[in-house]
Amino acid sequence: MPSDARPIGVFDSGIGGLTVLKELALQFPQENFLYLGDTARLPYGSKSPGTIRRYSEQNIQFLEKQNVKAIVIACNSASTQVPESEFDGLPIYNVITPGSQKAVETSMAGRIGVLGTRATINSQAYTKKILQFNPKAQVFDQACPLFVPLAEEGWDSDPVTNLIVFRYLNPLLQNHIDTLILGCTHYPILKNSIARVTGSSIELVDSGEAIAQWIEKDFSTGRLHRREDKTPRRIDVTTTDSSAHFSEMAIRILKPVKADEFRTVDI
Ligand code: DGL
């Protein structure tokens, strides 16, 4: 198979998509990546579907111009507005389908919880997709708008975070879910606090892990070609606004993966 050294483009509204980039970078150690965090227009999760769609299309056009070989929409709020597709032969992946499929495969009782931003929960994208995979599933969703600022603040495992996690998750626990989709890029940052509340009987589904499995499948079938070079790969992280806090948090979230460059771009 021919080698394809073009980077895989990944975009998010900001910092959270780095949780997805990290999974992809660990799973595909030979691949180059170009990350775009639309920090100038964050948050997406409180915006209307039309605005989220417009921003997402602009991000896709930007990445396409950078000659990427595929685009991963890491942002769940954006993923609810852009279906998986192929744009001039360029595969575009969103996180809703892989996350829903993984949850259905994981859930023994078919009682699935979904956490997300208001935009993601209002779209019902996860519920619809889960029911496509398993029409008998029961889905219990919960918007958690306070999680994003807590994650951005780096307050994972903080007593305040633990309390807020309990407040949001309690209704889902009352409904005896056995699987919980972390339907927002920021939520894996709070995984310790979330797992403390859910306990070991509820499986957590992380979109980063789920999308990595999908991309592996496309490498195996030849829809995507791997980079075969033995030279070190590159990871470039770009944002639409500059902030020292972003780079500090980025280094922390990506660990042990290291970015080669952080730069600001105008899309
Ligand atoms: N990245 C967004 C998501 O996954 C969360 C942050 C935001 O609201 O922009 O839904």
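The values are calculated or read from the model by the stated rules, or taken from the named source; none is laboratory data. Treat the numbers as computed from the prediction; the structure is a model and nothing was measured. Backbone-built Cβ (ideal geometry, glycine too); neighbour counts: all protein chains shown.
Structure data summary
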{"item": "Criterion violated by GLY9 - all others in (1) within 14 Å of the ligand (Cβ to nearest atom); (2) of a type outside the set (A, V, I, L, M, F, W, C); (3) crowded, with 24+ Cβ neighbours inside 10 Å satisfied", "result": "(1)"}
{"item": "Top-ranked residue in the stretch 126-155 [being surrounded by fewer than 17 Cβ atoms within 10 Å (Cβ to Cβ) and of a type in the set (D, E, K, R); ranked as farthest from CYS75 (Cα to Cα)]", "result": "LYS136"}
{"item": "Test: PRO83 is assigned to a loop (DSSP other than H, G, I, E, B) and free of Cβ contacts under 8 Å to residues at least 12 places away in the same chain", "result": "yes"}
{"item": "Residue that is modelled with the lowest pLDDT [pool: residues in the stretch 127-183 that are outside any strand (DSSP E or B) and hydroxyl-bearing (Ser, Thr, Tyr)]", "result": "SER157"}
{"item": "Qualifying positions in the stretch 142-160 - within 16 Å of the ligand (Cβ to nearest atom) and free of Cβ contacts under 8 Å to residues at least 40 places away in the same chain", "result": "GLN142, ALA143, LEU146, PRO149, GLU153, TRP155, ASP156"}
{"item": "Yes/no for SER200 being out of contact with any helix residue (DSSP H, G or I) (no Cβ under 7 Å at 6 or more places or on another chain) and at pLDDT below 95", "result": "yes"}
{"item": "Only listed residue being within 11 Å of the ligand (Cβ to nearest atom), over 14 Å from THR185 (Cβ atoms), surrounded by 18 or more Cβ atoms within 10 Å (Cβ to Cβ) and among the polar types (S, T, N, Q), chosen from SER123, SER100, SER79, SER107", "result": "SER123"}
{"item": "Residue selected from the stretch 149-171 under the condition of a type in the set (D, E, K, R) and farther than 14 Å from ASN192 by Cβ, by the criterion farthest from the chain's Cα centre (by Cα)", "result": "ARG167"}
{"item": "All positions within the stretch 176-228 that are in contact with a Pro (Cβ under 6 Å, 6 or more places away or on another chain), more than 16 Å from the ligand (Cβ to nearest atom) and not aromatic (Phe, Trp, Tyr)", "result": "HIS225"}
{"item": "Residue list for the stretch 35-55, restricted to those being more than 11 Å from the ligand (Cβ to nearest atom) and buried (at least 24 other Cβ atoms within 10 Å of the Cβ)", "result": "TYR35, LEU36"}
{"item": "Flag for LYS22 being within 16 Å of the ligand (Cβ to nearest atom) and surrounded by fewer than 24 Cβ atoms within 10 Å (Cβ to Cβ)", "result": "yes"}
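Conditions (1) out of contact with any Gly (no Cβ under 7 Å at 6 or more places or on another chain); (2) more than 23 Å from ASP266 (Cα to Cα); (3) not polar (S, T, N, Q), marked per residue:
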position: VAL10; (1), (2), (3): no, no, yes
position: ALA40; (1), (2), (3): yes, no, yes
position: ARG53; (1), (2), (3): yes, no, yes
position: VAL68; (1), (2), (3): no, no, yes
position: SER77; (1), (2), (3): no, no, no
position: SER85; (1), (2), (3): yes, yes, no
position: SER107; (1), (2), (3): yes, yes, no
